[in-house]
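Quick notes on the structure that follows.
The values are calculated or read from the model by the stated rules, or taken from the named source; none is laboratory data. Predicted, not measured: the structure shown is a model, and the values here were computed from it. Neighbour counts are summed over all protein chains in view; Cβ atoms, including those assigned to glycine, are modelled from backbone coordinates with ideal geometry. Heads up: the accessible areas ignore ligands, DNA and RNA and are worked out on the full protein's heavy atoms, side chains in. Shrake-Rupley method; radii C 1.70, N 1.55, O 1.52, S 1.80 Å.
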Amino acid sequence: MDEFIFEISSEDDTCKAAQFLAKNLKPGDIVLLNGNLGSGKTFFVKEVLKYLNYNDVTSPTFSIVNEYDADIKCYHFDFYRIKNEMELHDIGISDYLADSEAISFIEWAEMFPSIVNNYNYLVQIQLNNEQRMIIIRKYK
Amino acid sequence: MIFLGIESSCDETSVAIISDNILLANLVASQQFHSNYGGVIPELSSRAHLQIISPLLKQALQEANISINQIDVISATAGPGLIGALLVGLSFAKGLSLSLNKPFIPVNHIEGHIFSGFLMDEKPIFPMLNLVVSGGHTLLLLVKSETEIYKLGTTIDDAAGEAFDKVGKMLNLEYPGGPKIQFLANSSSKTELTFPIAKTKNEFDFSFSGLKTSVLRHIQNNFPNQIPDDKKAEIAFAFQEAVTNALISKCEKAIKQFEINSISVVGGVAANQRIKESFIKLGKKYDKKVVIPSPEFCGDNAAMITLRGKQLFEKGFRFSLSENAFPSIHSNHFLRINYEK
């Protein structure tokens, strides 16, 4: 596992962290995003997608999954309002995640840890005393 | 002519029947309905749609007092939505179309909402300013006719309804928190507390993520352990005011800039009383007719899908059975929305 830590004091810093991830992403990758409500998970995905030439990222909380026709096709999930694992199986989560041509971003994946066993990146957005930190872990 | 419509884009399964201009049935499957047909089923489930759609159609036909052979046109939501959920309604509609040998019309869910004001007795007048506010969408549109829709703005992050639900969560209200926030806010009187309204690059865009975060910071900074009930009500009130002001101010800008005859606010959030009242006031100020659908047409429902299918059919649009479901708002081909300003 490789770990990259970004200290964030402005929107620009978030963009840099997002750019770093975007440059490394390839089709088939799965990216988990951890962080409290309002920590900026959706904003981070929005910035990553900008580097993949897609500008219309919005929150998938209601829709559960958004699909983006970016340079690489992307799925953007949010498990926030999922009540049980069956619901995820029912929307065909395994088919989405097995799509080797697409990148999957998942917010609130920690709510259902057994659903996503294999992932390539974990993005952790931490906020301590107004100091924001983005930690990107890359798994082999 | 008799029009049948099916909606299954997200949580709700719904079937409606319109004969000429009369809505004969508009059934939305409730949890009660689910329990009558096979026990407790997760709300969000393609399988739930699948189990419910056939009995729901039967019940709708019964309510409308017609037989299935009398149906002339069949519509279904093709997107945007969850692909698995969409496919249930869409495939069901295609199957009916094939077996009854009647035309099939795929309908854009957002277009269903846009024209839902026409389900009311008092209908919008073109050109209309249209605000779609729901859990998944926040769109400001200029609608010149049934086939000319121009997007003025959209949310750049969270939808308005989502902000309601998430602030509801912060106030320990059960999901979905929207209706409960309204209830709480009603118990608060005037307050000094205000939350900021985000500025956006495009003057007609919306942003609710910052508002959500500022409510969260307010709670964290002032009530780290527990929020007293009166303070909860105060937060709910101030938050609801901020959302209302954001929606009203963008619409007011649009009223000044574009020639319109009416304003129609649609989607789940349009059921919010405070928002409703504010728009009626706005309409009075500029002498524009305001149409807000009654609550049963604000949430996801098949009546609006049936009506939109009827409009498209009457305008002469015909579709092949190969029209597919589309998950995202941007990736469809038959949509008449011009997504450029």
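In region A:109-118, the qualifying residues are those that are buried (at least 17 other Cβ atoms within 10 Å of the Cβ) and touching a residue at least 40 places away in the same chain (Cβ under 8 Å), and the one that is nearest to the chain's Cα centre (by Cα) is A:109. Among the criteria (1) in a loop (DSSP other than H, G, I, E, B); (2) buried (at least 23 other Cβ atoms within 10 Å of the Cβ), the one residue A:55 does not fulfil is (2). Scanning region B:15-42 for residues that are within 20 Å of residue A:90 (Cα to Cα), of a type in the set (A, V, I, L, M, F, W, C) and at pLDDT 60 or above yields B:29, B:33. Taking each residue of region B:135-153 that is open to solvent by 30 Å² or more (accessible area, probe 1.4 Å) and looking for partners that are of a type in the set (Val, Ile, Thr) with beta-carbon atoms closer than 7 Å, six or more apart or interchain, yields B:137/B:110; B:151/B:337. Among the residues of region B:152-192 satisfying the criterion of being away from chain A (no Cβ under 11 Å) and among the charged types (D, E, K, R), which is nearest to the chain's Cα centre (by Cα)? The residue in question is B:180.
For region B:202-219, the set of residues classified as away from every other protein chain (no Cβ under 11 Å) and loosely packed, with under 15 Cβ neighbours inside 10 Å consists of B:202, B:203, listed by residue number. Annotation note: of B:78, B:85, B:93, the sole residue that is within 21 Å of residue B:51 (Cα to Cα), touching a Cys at 6+ places or on another chain (Cβ under 8 Å) and open to solvent by less than 30 Å² (accessible area, probe 1.4 Å) is B:85.
Entry remark, region B:289-319: residues being surrounded by fewer than 18 Cβ atoms within 10 Å (Cβ to Cβ), over 20 Å from residue B:8 (Cα atoms) and not hydroxyl-bearing (Ser, Thr, Tyr) number 6 in total. Selection over region B:220-237 of residues that are out of contact with any helix residue (DSSP H, G or I) (no Cβ under 7 Å at 6 or more places or on another chain), more than 10 Å from every other protein chain (Cβ to nearest Cβ) and surrounded by fewer than 19 Cβ atoms within 10 Å (Cβ to Cβ) gives a count of 9.
If only residues of region A:66-75 that are more than 10 Å from chain B (Cβ to nearest Cβ) and of a type outside the set (A, V, I, L, M) are counted, the one that is surrounded by the fewest Cβ atoms within 10 Å (Cβ to Cβ) is A:71. Whenever a residue of region B:54-67 is open to solvent by less than 30 Å² (accessible area, probe 1.4 Å), its partners that are assigned to a helix (DSSP H, G or I), lying with C-beta atoms within less than 7 angstrom and at least six residues away or across chains, give the pairs B:61/B:68.
Quick grid of which residues meet (1) touching a residue at least 12 places away in the same chain (Cβ under 8 Å); (2) within 26 Å of residue B:175 (Cβ to Cβ); (3) touching a Lys or Arg at 6+ places or on another chain (Cβ under 8 Å):
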site	(1), (2), (3)
A:62	yes, yes, yes
A:66	no, yes, no
A:76	yes, yes, no
A:82	yes, yes, no
A:85	yes, yes, no
A:91	yes, yes, no
A:94	no, yes, no
